[in-house]
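The values are calculated or read from the model by the stated rules, or taken from the named source; none is laboratory data. Note that the coordinates shown come from a computational prediction; the quantities given were computed from them, not determined experimentally. Note: ideal-geometry Cβ built from the backbone for every residue, glycine included; neighbour counts use all protein chains shown. The protein model used for the area step is the full one, side chains on, heavy atoms only, and it has no ligands, DNA or RNA in it. Shrake-Rupley method; radii C 1.70, N 1.55, O 1.52, S 1.80 Å.
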Amino acid sequence: MANPLRSEGEAFRFLLGTVVYFAAIAIAGVINAWAGLVVFIVLTIAVGWWWWRSRQPAPPVTASPVKSGPQGERRILVVANETVGGEELLQRIEQLASQGNTRVLVVTPALNSPLRHLASDEDRARAQAQERLDHSLAELERHGVQASGEVGDGDPLQAIEDALRTFGADEIVISTHPEGQSNWLERGVVTSARERYAVPIHHVVVD
Amino acid sequence: MAAVDHAAHPPIANQSSRVDARTLGMFLFIASEIMLFGSFFTIYFFVRISADTPWPTPPYELPVFVAGMNTIILVTSSFTMHWALQAIKRGNRAGLQAGLSLTFLLGLTFLLTQILEYSRIGFAPYSNAFGSVFFCLTGLHGAHVFVGLTLLAFATIRAFRGHYTEDEHHGVEIPGIYWHFVDVMWIVVYTTVYIL
């Protein structure tokens, strides 16, 4: 939600909006109590609708943090959850990692139900994500790829942003189920990531 | 080797990227204020709905006109506050000083008028539930105005001592945000307590 008191200018505009909102309700309420109620409901719905429509997507992250690793090191960030152990993804990581000095970070977002998320009940989701991550890292090691991993935020875009702040990735690999089965594709995670992050993004489909 | 690196450059502070710290601080402040005023409004609406008497309880009457004039004074002070900040952003020091002085004087006028209103209103906080709620809500807001005036006093004195520039005016911006918030809360208090 946008904070209306983030700057003096925004707070001033918020005040003007409040004056108009309450003046309309008060005038209608003085004329007739029911008219006041109707104006209150109509204005509240209108304000809610306007706020919903005017929500802006997060601004693109145009640059990754400066890398602290050795010169010439290539960094690949892999974001996957249920597909983290998929053969197609492992092959793609192996292929990317084979090109010179490469460091791989695998992030598995801790997917959770909205209710559990609201209740801050994330332990189980994180434990399950960690289990999948451990399995995936073991598989990568078996294929000769040295990778590190961490459990990320339940929102994959947030998990990418968090990871980018500490791991200056050169490329990002996002793994999903095929179209029609993938919740991330339905939410436009890959498209949004391409709009937000100024690094090449590879999409791997794991069936 | 790592120790040498740390000595040369302290490690980057670890913080969540989800919400900026200053934004989070303002969110928490707004949330706490909403809860504070919300609890008083809850009592107000409970008393008003549960009491089987007209509002306000006869024979008392609220000074709607005087409070309306006070509302205009307070809203005007927001315009002068906005003017002050816009002035310093353009490097206009005289505008900053005039805007802050006017804002402070208008705020002080509001507070003094409210004190005068209390002395002449004819009932006290202990008179009945209506009196308690009225003084609690308007008094809580008055306390916020007092805090805002204190912040404005500091900003005004600093403005006359030559502080603040086109690029450095955080000490005006923050009291400005607080002042507008206080005005918003008064609009809600005035509409619900005096008008409706």
Peptide-level mean, for A:12-20, of C-beta atoms on other protein chains within 10 Å:
6
Expected output for segment B:137-178, residues with a loss of 40 Å² or more in accessible area relative to the chain alone at probe 1.4 Å, reads B:Ile177
Computed ³J(HN,Hα) along segment A:17-31: with the Karplus parameters 6.51/-1.76/1.60, θ = phi - 60°, integer Hz and x for glycine or proline, the list is x, 5, 4, 4, 4, 6, 5, 4, 5, 5, 4, 5, x, 5, 5
Within chain A, which is the longest segment containing none of the GluC sites (Glu not before Pro) that sit in a DSSP loop and have at most 15 other Cβ atoms within 10 Å?
A:74-178
Compute the helix-to-body angle for A:33-54: its Cα long axis versus the longest principal axis of chain A, expressed 0 to 90° and rounded to tens.
30 degrees
Between helix A:87-97 and chain A: long-axis angle, C-alpha atoms, 0 to 90°, nearest 10
70 degrees
For segment A:95-207, radius of gyration divided by Kirkwood radius, i.e. Rg to Rh on alpha-carbons:
0.96
Taking only Cα atoms, what is the 0 to 90° angle, nearest 10, from helix B:129-160's long axis to the longest principal axis of chain B?
30 degrees
For segment B:36-130, what does the accessible surface come to per residue with a 1.4 Å probe? Please give it in Å².
53 Å²
Of the heavy-atom accessible surface of segment A:90-200 (probe 1.4 angstrom), what whole percent is carbon and sulfur?
44 percent
Working only with C-alpha atoms, what are the Rg and Dmax values of chain B, expressed in angstrom?
21.7, 82
Given the DSSP H assignment, sum -39500 (n - 2.57) over each helix run of at least 4 residues in the protein assembly as shown and divide by its residue total; what's the result at 222 nm in deg cm²/dmol, nearest 500?
-21000 deg cm²/dmol
Trypsin sites (Lys or Arg not before Pro) within segment B:87-196, DSSP loop, no more than 13 other Cβ atoms inside 10 Å:
B:Arg90, B:Arg161
Using the Kirkwood radius over C-alpha pairs as Rh, can you work out the diffusion coefficient of the protein assembly as shown via Stokes-Einstein at 37 °C, viscosity 0.692 mPa s, in µm² per second?
127 µm²/s
Segment A:19-167 - Debye-derived log10 I(q)/I(0), Cα point model, q = 0.09, 0.19 Å⁻¹:
-0.49, -1.13
